[in-house]
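The values are calculated or read from the model by the stated rules, or taken from the named source; none is laboratory data. This structure is a prediction, so every number in the text was calculated from the model and none was measured. For neighbour counting, all protein chains shown are included, and Cβ atoms are generated from backbone atoms with ideal geometry for every residue, glycine included. Accessible surface is based on the protein model in full, side chains and every heavy atom, while ligands, DNA and RNA are left aside. Shrake-Rupley method; radii C 1.70, N 1.55, O 1.52, S 1.80 Å.
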Amino acid sequence: MDSTAALKKTKQQLHESGFKLTPQREATVLVLLENEKDHLSAEEIYFLVKQKSPEIGLATVYRTLEILTDLKVVDKVSFNDGLARYDLRKEGAKHFHHHLLCLECGNIEEVEEDLLGDVEDVVEQRYHFLVKDHRLTFHGICQECQQKKKKQSTEEAVSKI
């Protein structure tokens, strides 16, 4: 979905919940759209919004992010750094998408496929628990870091010869 359509949809969601798309909220949503793959913290979002709207305050950005989280426009996620980060929810997504977190470089990749459908069925049937959503983050080492380690190991082995 392009930025214009996403902004229009967000405006509709806000309106349906009794909120307006103020210039400050619009600037915040645009920053999220422009940095969709970056999993930004509130402070990082604030810094980028401030470049577009110098008059905006940090508290306004926090309030906007909380409203967008409540409306399920964004998801609030936490990784190993202890910061709350914000992730746009994909159009039509039934569930929050999954993440691959590299323990070496900190890179975060998104997995769009819903890998837990069968697990949800088991949970619902066995535990009589109605699953509304789930979050899954795999912690490991990304392909790039694996290749760097392999190259370093090879270079160290060659230097010992």
Restricting the range 1-32 to residues that are outside any loop (DSSP other than H, G, I, E, B) and of a type in the set (Lys, Arg), the residue that is most open to solvent (accessible area, probe 1.4 Å): Lys8
Of the listed residues (Asp75, Asp70), the one being assigned by the TED database to the domain that holds Thr10 and open to solvent by 70 Å² or more (accessible area, probe 1.4 Å) is Asp70
Which one of Glu104, Glu110 is touching a Lys or Arg at 6+ places or on another chain (Cβ under 9 Å) and touching a residue at least 60 places away in the same chain (Cβ under 8 Å)? Glu110
Out of (1) under 30 Å from Gln147 (Cβ atoms); (2) open to solvent by 40 Å² or more (accessible area, probe 1.4 Å), what's the single condition that is false for Glu124? (1)
Scan the range 8-36 residue by residue and report those that are touching a residue at least 40 places away in the same chain (Cβ under 8 Å) and under 13 Å from Leu68 (Cβ atoms). Lys9, Thr10, Gln13, Leu14, Ser17, Phe19, Gln24, Arg25, Thr28, Val29, Leu32, Leu33
Within the range 89-104, restricting attention to residues that are modelled with pLDDT of 85 or more and assigned to a strand (DSSP E or B), which residue is farthest from His39 (Cα to Cα)? Cys102
